[in-house]
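The values are calculated or read from the model by the stated rules, or taken from the named source; none is laboratory data. This one's a predicted model, so the numbers in the text were calculated from it and none came from an experiment. Cβ: placed from backbone, ideal geometry, glycine included. Neighbour counts: every protein chain shown.
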Amino acid sequence: MTPSKLYVRPERRFTWEQWQAGRAERRRIGNLVAPPNIRRKKSEGDEYLRETYNGERGPKFNKPFDPSADE
């Protein structure tokens, strides 16, 4: 992989935990202006989704993100 030529100032770097905290705050603020759960009740892809997610239409909401789960 070619190294990035973009300069990132040290004060603009943050940890995974800081990113998660920021994301939680953005979600909290978003929930003030829109419903927190806007998932459809039914769609064309239900059969595939339910097979993939053990009978559910998608992954559980409010579950901490685990990047290693995709590996």
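Numbers below:
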read-out: Every pair of residues 6+ apart whose Cβ atoms lie under 9 Å, when the first sits in segment 39-59 and is aromatic (Phe, Trp, Tyr) while the second is surrounded by 10 or more Cβ atoms within 10 Å (Cβ to Cβ) and assigned to a loop (DSSP other than H, G, I, E, B); value: TYR53/PRO59
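Rundown of residues vs (1) surrounded by 10 or more Cβ atoms within 10 Å (Cβ to Cβ); (2) at pLDDT below 80, yes/no style:
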{"position": "ARG23", "(1), (2)": "yes, no"}
{"position": "ILE29", "(1), (2)": "no, no"}
{"position": "PRO36", "(1), (2)": "yes, yes"}
{"position": "ARG50", "(1), (2)": "yes, no"}
{"position": "TYR53", "(1), (2)": "yes, no"}
{"position": "PHE61", "(1), (2)": "no, yes"}
{"position": "PRO64", "(1), (2)": "no, yes"}
{"position": "PRO67", "(1), (2)": "no, yes"}
{"position": "GLU71", "(1), (2)": "no, yes"}
